[in-house]
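*Asks:* Mind looking over this structure? Questions follow.
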C-alpha cells in the first residue's frame, strides 16, 4: 500500500535531514509518517547541506511502493528561510510539510501561495504538497488557533509544541517534578484540540521527550487518545510501536462501535438506544462512525 492510499497519522517520527543512516532506520520503524527535519535539529550553518540532503532523500524514496508518508518540517515564516526550504524540497515531492509556528489561518494562506509557486516551477499539480500546521507554539498562535477552518485544502491536521512556547514565556520548565505539563501548557494543548475540532481536522499530540520511558509514553498517549488526539509526534524509533498500538482501535472497541451503529440503524428515529443495559446517544454514534473510519484507513 502506498502512502497516498494510507492517510493515517498515528505516529510521526522526526529525523534530522542530515542524519544519514538514521533516515533509513526511521523508514523501517513502522511510523506512519517520517518527518525530515530542517528546523530545530539543524543549526544555521548546516541548513544548506540539510536542504540538499532532504531533497535527495525524497527523490530517492518518494516512488517506493511501500513507505511511510514523507513530510518535511520547514523553517517558519518569521525566520526568512522558508523560501529556500521550499525551493529545495518541493521538487523532491514530499507528501506534506510540517509548518512550525503557524500563527492563524492567514499564515497557512501565505504558505499555500508559496507552495503553489514552487509546485508550478517543479511541474507538480497545485495542492500536491499538503500542510500539517504546528499551530500552538507561540502566544500569538494560541490566540489564533480558531482561525484555520477552510483556509486551505492543503491543511490535513494540527499539532502543537510546548518547547518553543515555554521559551517565549520565559518559563523555567513546561513540566512539573512528576513530568506532567504545568497549567499554561495543559491549556495550550487543549487549545490545539479545540482549534482542530473547529477546523474539522485531526489533532496530533506533541512529543513525549523521555524516550526511554516506554510506560510513561504509553500512559501519556492513552490520555491523548482519550482526550481526542488521533496521533502523536515521536523523537525516537522505539516510541513508534507504543504510539501505533495505542492509536490502533482494539477488537473490543471495534465491536462496540459496530454495535452502536447497528442499534441506531435499527432505530433510525431514535435519539438514544440501549445496548446491554447502557444508553448511547447521537454523540456516541458520531464517535463510533469516526472510529470505524480510522480502522478503514488502516487496512
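*Asks:* Here are the criteria: (1) closer than 30 Å to residue 200 by Cα; (2) touching a helix residue (DSSP H, G or I) at 6+ places or on another chain (Cβ under 6 Å); (3) without any contact (Cβ under 8 Å) to a residue 40 or more places away in the chain; (4) not in a loop (DSSP other than H, G, I, E, B). Tell me which single one residue 126 does not satisfy.
*Replies:* (4)
*Asks:* Also, quick follow-up: Pairs, please: C-beta under 8 Å, at least 6 apart or cross-chain, first residue over 10 Å from residue 282 (Cα atoms) and in the same structural domain as residue 283 (by TED's automatic domain parsing) and in the range 256-271, second modelled with pLDDT of 85 or more and assigned to a loop (DSSP other than H, G, I, E, B)?
*Replies:* Sorted first by the residue in the range 256-271, then by its partner, the pairs are 257/249.
*Asks:* I want to confirm something. Restricting to the range 239-256 and keeping residues that are in a helix (DSSP H, G or I) and modelled with pLDDT under 90, which single residue is farthest from residue 274 (Cα to Cα)?
*Replies:* Taking the range 239-256 first, the residues in a helix (DSSP H, G or I) are 239-246, 251-256.
From what's left, modelled with pLDDT under 90: 251-256.
Details: 251: 21, 252: 18, 253: 17, 254: 18, 255: 15, 256: 12 Å.
The extreme case among them is 251.
*Asks:* Might you check whether a residue that is surrounded by 13 or more Cβ atoms within 10 Å (Cβ to Cβ), over 24 Å from residue 193 (Cα atoms), within 20 Å of the chain's Cα centre (by Cα) and touching a residue at least 40 places away in the same chain (Cβ under 8 Å) occurs anywhere in the range 237-245?
*Replies:* Residues of the range 237-245 that are surrounded by 13 or more Cβ atoms within 10 Å (Cβ to Cβ), as a first pass: 237-245.
After this cut, where a residue has to be over 24 Å from residue 193 (Cα atoms) as well, the list is 237-238.
Restricting the remaining residues to those that are within 20 Å of the chain's Cα centre (by Cα) gives 237-238.
Okay, now just the ones that are also touching a residue at least 40 places away in the same chain (Cβ under 8 Å), so 237.
Within the range 237-245 (the criterion being surrounded by 13 or more Cβ atoms within 10 Å (Cβ to Cβ), over 24 Å from residue 193 (Cα atoms), within 20 Å of the chain's Cα centre (by Cα) and touching a residue at least 40 places away in the same chain (Cβ under 8 Å)), the answer is yes, since at least one residue qualifies.
*Asks:* May I pose another question? For the structure I just gave you, tell me whether residue 54 is crowded, with 21+ Cβ neighbours inside 10 Å, in the same structural domain as residue 232 (by TED's automatic domain parsing) and either in contact with a helix residue (DSSP H, G or I) (Cβ under 6 Å, 6 or more places away or on another chain) or more than 24 Å from residue 192 (Cβ to Cβ) (or both). Talk me through it step by step, then tell me what you get.
*Replies:* Details: crowded, with 21+ Cβ neighbours inside 10 Å: yes; in the same structural domain as residue 232 (by TED's automatic domain parsing): yes; either in contact with a helix residue (DSSP H, G or I) (Cβ under 6 Å, 6 or more places away or on another chain) or more than 24 Å from residue 192 (Cβ to Cβ) (or both): yes.
Yes: the conditions hold for residue 54.
The values are calculated or read from the model by the stated rules, or taken from the named source; none is laboratory data. Quick caveat: nothing in here was measured; it's all calculated off a predicted structure. Cβ: placed from backbone, ideal geometry, glycine included. Neighbour counts: every protein chain shown.
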